[in-house]
Amino acid sequence: MVLGGGGYTIRNVARCWCYETAIAVGVDLQNNLPQNEFYEYYGPDFTLNVPPSNMENQNSPKDLEKIKNNILDRLSRIESVPSAPFQDRLPNREIPEAAEEDMDQR
């Protein structure tokens, strides 16, 4: 499960989600973006990376700990669903390609 943080500008939402998703799935992305129909939205530098800002992080460790504890408390109160147990995900399997048949013969 991937949850968003917030505080993004409209121009940076797609960049942030793209970057975070790539990290979650273990993919290294290039900073330069390919031409696409939304290319102009990535201006003025037309790159994936979000330029750092000088905005001060006003989240105190105490506040962050309080939020974390609140979330963990709420999660602990969620009742499990007996018909949907947690299971390990099976590995991806490649489907063997069927031998090409002569499509003209049937």
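Comparing the range 1-82 with the 2.2 N^0.38 Å rule of thumb, its C-alpha radius of gyration ratio is 1.47 (two decimals). Can you give me the distance in nm between label points at residue 20 and residue 55, each placed 7 Å from the Cα along the Cα-to-Cβ direction? Each label point lies 7 Å from its Cα, and together they span 1.3 nm.
Read-outs: derived from the displayed coordinates by stated rules, not from any lab. All values reported here derive from a predicted model rather than from experimental measurement. No Cβ is skipped: glycine too gets one built from the backbone with ideal geometry, and neighbour counts run over all protein chains shown.
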